[in-house]
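Just below is one structure, and these are the notes that go with it.
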Amino acid sequence: MKTYAIRQASVSDAAVVAAHRVAMFRDMGQVPSQALASSLLSASTIALAELLREGSYVGWLAIDGRDERVVAGAGVHLKPQLPRISQDGARVVTASDALVVNVYTEPDWRRRGVARVLMRTVLEWALDRGLDRLVLHASDDGRALYASLGFLPTNEMRWSAARDGESCAEAAP
Ligand SMILES: CC(C)(COP(=O)(O)OP(=O)(O)OC[C@H]1O[C@@H](n2cnc3c(N)ncnc32)[C@H](O)[C@@H]1OP(=O)(O)O)[C@@H](O)C(=O)NCCC(=O)NCCS
């Protein structure tokens with residue numbers, strides 16, 4: 001039986017988180033060429049190293065118990081936002097918005113509940129931190145998982161400069 005452990009990501013994991021990010025977008029059909037995949041990988045590695053260093057990216061990784069390989073991950077990107085009323089209508093929130101990003105499980109580890117465990121870890125972290133909401137953009141593969149954990153569709157709309165309206169490379173899964 002395949003066993004794994006969950007640990008928090010550190011700055012030294014930036015490259016593997018970036019690789020998951022590229023693989024996630026590829027699986028979602030949003031990486032049109034190898035050249036763009038390479039550019040996205042290097043830009044994401046640099047960006048994630050910085051965000052992990054400054055604490056505005058918090059990530060968790062699933063590690064294969066046999067060889068210590070990272071086989072899945074999920075992260076939260078904390079992005080500055082304008083003040084808003086909290087979800088319960090009781091206060092003004094000035095803290096960063098928390099976007100769930102980079103949710104990815106390697107193909108041979110899928111449908112074993114790994115992403116569910118990672119997402120539960122994210123939710124526990126959010127509750128511990130006193131966050132009143134998490135935001136994400138669901139892929140087709142991820143939608144049922146998020147719905148089962150209590151995520152609801154929102155009123156977000158998107159304008160795209162691409163003529164066919166299908167360019168959503170900076171959605172935030
Ligand atoms: C989505 C993804 C992260 C799920 O990872 P996983 O480790 O296989 O997920 P789990 O085993 O924890 O599955 C949890 C639930 O999610 C749903 N689910 C998982 N994969 C699914 C798929 N391909 N299609 C539909 N529902 C799916 C199921 O409800 C599943 O529960 P079940 O197995 O009891 O039916 C994985 O398929 C993946 O990396 N896909 C490509 C990248 C991607 O789309 N990432 C999400 C971006 S928002």
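Nothing in this text is a laboratory measurement; each read-out follows from the coordinates by a stated rule. If you're wondering where the values come from, they're calculated on a predicted model, not measured in any experiment. Cβ placement follows ideal geometry from the backbone for every residue including glycine, while neighbour counts extend to all protein chains displayed.
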Selected residue (only one of ALA5, ALA35 is part of a helix (DSSP H, G or I) and not hydroxyl-bearing (Ser, Thr, Tyr)): ALA35
Breaking point among (1) more than 16 Å from VAL135 (Cβ to Cβ); (2) surrounded by fewer than 19 Cβ atoms within 10 Å (Cβ to Cβ); (3) more than 16 Å from the ligand (Cβ to nearest atom), for ASP64: (3)
Subset of the stretch 144-164 [under 19 Å from ALA98 (Cβ atoms) and either surrounded by 14 or more Cβ atoms within 10 Å (Cβ to Cβ) or under 19 Å from the mean Cα position of the chain (by Cα) (or both)]: LEU145, TYR146, ALA147, LEU149, GLY150, PHE151, LEU152, PRO153, THR154, GLU156
Residue satisfying condition, being out of contact with any Phe, Trp or Tyr (no Cβ under 8 Å at 6 or more places or on another chain) and more than 20 Å from ARG21 (Cα to Cα), within set LEU82, LEU99, LEU61: LEU82
Test: residue in the stretch 97-106 that is surrounded by fewer than 16 Cβ atoms within 10 Å (Cβ to Cβ) and more than 14 Å from the chain's Cα centre (by Cα): no
Residues of the stretch 102-158 satisfying the condition of being out of contact with any helix residue (DSSP H, G or I) (no Cβ under 9 Å at 6 or more places or on another chain), within 6 Å of the ligand (Cβ to nearest atom), part of a loop (DSSP other than H, G, I, E, B) and touching a residue at least 12 places away in the same chain (Cβ under 8 Å): ARG112
Count of the stretch 3-18 residues which are of a type in the set (A, V, I, L, M) and either farther than 14 Å from GLY73 by Cβ or crowded, with 17+ Cβ neighbours inside 10 Å (or both): 6
